Amino acid sequence: SYHQPFDRPDENRLAQVSTISIFLTLLAAIMIILKDRLVKEHDTEFGYLLIAVNTLIFAIFGHGFLLSPALRIVKKCNQKHFHDAPLKEMGEEIALASDELFIDFFKELVESDATEAGWTELDLDDWSGGKKKAKAWLEETKAKAEWRCADGKGSINQTRIKYIVDVDIETMSTFMSSIKTKHKMAVGTFMYVLDKGEGWRQIYRAIKLPWPLRQRDAVYTEYTRREQGGDILICSRSSKEVNNSTNALSVRFGRIRADMRIAGYRLKDNGDGKTEMTYLADIDLKGSFAIGYLHRRVSQMYMKGVVDVHRDFARKSSSRAAAESDAPIPLPFFSRALTTVAKKGGDKGRRLTTSPMFANLQTTPSVANGLNIEMGKMIKKETKKKGDDDDTND
């Protein structure tokens, strides 16, 4: 009878060849025992036959476990996407387009469907990390990830993912615009605001890639526009004018300057306290080896990261809102330290209380709650002390 006990076809083939090899080897052993009946001049040919039979299993092993994975990797590296949808990329014009025209194109692209732009949904095989993990993550987040080739006849270079977060659109918009300036510029992935104006800001961003790939960075302008229907568009493209200090950073830390052709978010109010998020990106990572595969791999990693960060923020916001009716939990170290500084005053106290660090701590909800409790204790103590002094004077 014919059995296939293993999940993978190449493992079943290896098992079949191994069984045949064992059978032929045992058959050869019987023939050696009966060698007196063999013709002497055929001994050499018989030895070659045994070597061929036992070498066959190593050939099958090499094909199934070495050659096949290599061919799959080559196929993934050369994966192409073809479509004849009418909405193509703007090409070099996108960098020269006016701000309003660029935002309009981003809106059209982020709202397009498969017929208009040729979007293709990612299969479980397309996700790195295994089918089971990808399936579990997609079921948990209810996200829909798509990609396409912008010009319809090459490597995949644009990705898009849609998902829902359990927080209202205004809270989500505030969270996405609250990038704090970071001064430790040599550590990890971060965003640094270089300049800003009405409805835009210029940002330097370091992009961390999996080892052994070199790190990337980008300098881009981010635009924010609120639509008449209530949707909020936050879109970005590489800046025309680049700060010289960012070029020095790229050289210093060995980063490759990426080209952000178009990227951003559309925030749509669902009307039930939830927000529908759509993230779209087309970033040229500027490489020479397997750049199409690299783009797809990094895009998957970043799409997962974006969804997880936003869902985590929504969970924390819900927990914080639910805890507002409960007694605030003070942070003794920060609260008492800030209260002591505020109480002492003087030049040292004024310098510290007017510093950005002090202001940031005061705006942290948990620290602010602790400050209120500590200040209340101090006022109560001072009031009681004053009352005791009045009674003594009487």
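The values are calculated or read from the model by the stated rules, or taken from the named source; none is laboratory data. Keep in mind the model is a prediction, meaning the values are calculated, not measured. Neighbour counts are summed over all protein chains in view; Cβ atoms, including those assigned to glycine, are modelled from backbone coordinates with ideal geometry. The protein model used for the area step is the full one, side chains on, heavy atoms only, and it has no ligands, DNA or RNA in it. Shrake-Rupley method; radii C 1.70, N 1.55, O 1.52, S 1.80 Å.
A search for C-beta distances below 8 Å between a residue of segment 191-210 that is among the polar types (S, T, N, Q) and any residue that is part of a strand (DSSP E or B), counting only pairs 6+ apart in sequence or on different chains, returns Q202/V193; Q202/L194; Q202/D195; Q202/K196; Q202/V219; Q202/Y220; Q202/T221; Q202/E222.
Residues in segment 266-318 that are assigned to a helix (DSSP H, G or I) and of a type in the set (G, A, S): G292, S299, G305, A314, S317, S318. Only a single item in (1) at pLDDT below 65; (2) under 30 Å from S238 (Cα atoms) is not met by K35, and it is number (2).
Here is a yes/no grid of residues against (1) of a type in the set (D, E); (2) open to solvent by 30 Å² or more (accessible area, probe 1.4 Å); (3) touching a helix residue (DSSP H, G or I) at 6+ places or on another chain (Cβ under 9 Å); (4) under 19 Å from R297 (Cβ atoms):
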| residue | (1), (2), (3), (4) |
| --- | --- |
| M90 | no, yes, yes, no |
| F102 | no, no, yes, no |
| L122 | no, no, yes, yes |
| A136 | no, yes, no, no |
| A145 | no, no, yes, yes |
| D151 | yes, yes, no, no |
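For segment 253-266, the count of residues that are among the charged types (D, E, K, R), within 23 Å of R226 (Cβ to Cβ) and over 16 Å from the mean Cα position of the chain (by Cα) is nonzero. Being outside any helix (DSSP H, G or I) and among the charged types (D, E, K, R) holds for only one residue in E89, E108, and it is E89. Among the candidates V251, V242, the residue that is over 25 Å from S317 (Cα atoms), assigned to a loop (DSSP other than H, G, I, E, B) and open to solvent by 20 Å² or more (accessible area, probe 1.4 Å) is uniquely V242. Going by the structure shown, is Y204 of a type outside the set (D, E, K, R), in contact with a strand residue (DSSP E or B) (Cβ under 6 Å, 6 or more places away or on another chain) and either open to solvent by 50 Å² or more (accessible area, probe 1.4 Å) or farther than 22 Å from K88 by Cα (or both)? In short, yes.
Summed over segment 272-288, the residues that are β-branched (V, I, T) and surrounded by fewer than 22 Cβ atoms within 10 Å (Cβ to Cβ) give a count of 1. Report yes if D269 is modelled with pLDDT of 90 or more, more than 30 Å from H81 (Cα to Cα) and surrounded by 13 or more Cβ atoms within 10 Å (Cβ to Cβ), otherwise no. Yes; evaluated as a whole, the condition is true for this residue. Scanning segment 155-166 for residues that are open to solvent by 10 Å² or more (accessible area, probe 1.4 Å) and not basic (K, R), we see that the one that is modelled with the lowest pLDDT is S155.
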